[in-house]
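Have a look at the structure below before the remarks.
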Amino acid sequence: SSVQSRAFYCDDGWVFRGLTFDKWIISSGNGIIETRNLTGNPLTIQGCTFTEVTGTCINLSAGSSDNGLHVIQRNKFHNINIASASNTSTIDLGAGAKKAKIINNVFYDIQFRNASSLLIDARGTRSPENIISHNVFGTSSVEQNGDPDYAIVAKYAKFEYNIMTGYDNDVAFIDNEGGESNYNIYFNITGSGTNAPF
């Protein structure tokens, strides 16, 4: 297993359905599915499986003219090693105004390796069109080397109807500053963040 930059380096309007990505090792700053500087049509990533991956699975961070709305739904992220680099997240939307619907996905056995590694990185000024909903963030059966403040940073987003268990973040599970967190179910979540209900 050698280190790769990406599996797909895609342009406008690509649709990924039903693919399995197994045992990929991705270099820092890249992603298995990685966008170029998109200008028009967003991506759809649906029904895919990412398993035994080291590095970022989905990297939509390229360019500033891409506003989305990307659709990431019904995927499974299992045994993901979020490597020892501060710019590694399982899903990275990058800076700026990119928008995505991240819905009906399952995340489990996630291994944080750095204090600033994230499950989902949607920091920056965004809008309520960013929706993280109906996902299951399952427990991790592996020891964590990193201890991030948050598992998810999703400012201004709607974070609703999710189930979370077994994460031990220093501050809270999600930094949802300026957004809304409603109707979530959480078990064994530690943290003292001011972002309701975490």
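The values are calculated or read from the model by the stated rules, or taken from the named source; none is laboratory data. Since we're looking at a predicted model, the values are computed, not measured. Because the Cβ atoms are built from the backbone with ideal geometry, glycine has one as well, and the counts that use them run over all protein chains shown. Ligands, DNA and RNA are stripped out before the accessible areas are found, and what is left, the full protein with its side chains, is counted by its heavy atoms. Shrake-Rupley method; radii C 1.70, N 1.55, O 1.52, S 1.80 Å.
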Practice prompt. Determine, yes or no, whether SER65 is modelled with pLDDT under 90, among the small types (Gly, Ala, Ser) and in contact with a strand residue (DSSP E or B) (Cβ under 8 Å, 6 or more places away or on another chain).
Written response: no
Within the range 75-102, residues open to solvent by 30 Å² or more (accessible area, probe 1.4 Å) and modelled with pLDDT of 90 or more come out as LYS76, HIS78, ASN79, LYS101
Here the residues within the range 45-72 that are assigned to a strand (DSSP E or B) and open to solvent by 30 Å² or more (accessible area, probe 1.4 Å) are THR49, GLU52, THR54, VAL71
Among residues of the range 154-169 being in contact (Cβ under 8 Å) with a residue 24 or more places away in the chain and in a loop (DSSP other than H, G, I, E, B), the residue farthest from ILE102 (Cα to Cα) is ASP168
Report yes if GLY31 is open to solvent by 20 Å² or more (accessible area, probe 1.4 Å), at pLDDT 90 or above and small (Gly, Ala, Ser), otherwise no. no
Residues of the range 103-122 being charged (D, E, K, R) and over 11 Å from the mean Cα position of the chain (by Cα), in sequence order, are ASP109, ARG113
